[in-house]
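One structure is given below, encoded as structure tokens.
The values are calculated or read from the model by the stated rules, or taken from the named source; none is laboratory data. Note that the structure is predicted; figures quoted are calculated from it, not measured. Note that each Cβ is placed from the backbone with ideal geometry, even for glycine, and that neighbours are counted across all protein chains shown.
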Amino acid sequence: MDDKYYYNGEPLQLSYSNDYSMGDKIQIIKNLETDFQSGMLSWSQMFWIIDNAKFGSYTCQRIVDKLIFEGKLKLNPITLNKRTFNTIRKPFDL
């Protein structure tokens, strides 16, 4: 099975160097969120996105942090420990 995540038939481009339009970026983020909610985004695909600094890595990190914060996960499936990505701000964070 291919662990890459595709958008328009191509693997995701890098976060810091891509030619996605603003509309494409919004669509990729929405696709990641809906694919995860429907069970179509695997942990290995999320690992590939985060580990390779692909566009959407922050969205994947937020998904993991939200699940850990809500108590639905005890271990981070990407790092295999209790570490979060710290994407969820608390009320008094700067």
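Among the residues of the range 13-20, some residue qualifies, meaning at least one is closer than 29 Å to Lys72 by Cα and either more than 14 Å from the chain's Cα centre (by Cα) or not basic (Lys, Arg) (or both). Against the list (1) buried (at least 17 other Cβ atoms within 10 Å of the Cβ); (2) out of contact with any Ser or Thr (no Cβ under 7 Å at 6 or more places or on another chain); (3) not charged (D, E, K, R), the condition Asn76 fails is (2). Reported count of residues in the range 1-33, each being of a type in the set (A, V, I, L, M) and either under 15 Å from Gln45 (Cβ atoms) or surrounded by 15 or more Cβ atoms within 10 Å (Cβ to Cβ) (or both), is 5. For the range 38-78, residues that are of a type in the set (Ser, Thr, Tyr) and within 10 Å of the chain's Cα centre (by Cα) total 3. Scan the range 53-67 residue by residue and report those that are over 19 Å from Gln13 (Cα atoms), touching a Phe, Trp or Tyr at 6+ places or on another chain (Cβ under 9 Å) and among the hydrophobic types (A, V, I, L, M, F, W, C). Within the range 53-67, Ile63, Val64 meet the criteria. Within the range 31-43, no residue that is under 19 Å from Gly9 (Cβ atoms) sits with its Cβ atom under 9 Å from a residue that is at pLDDT below 95 and of a type in the set (Gly, Ala, Ser) at 6+ positions apart or across chains.
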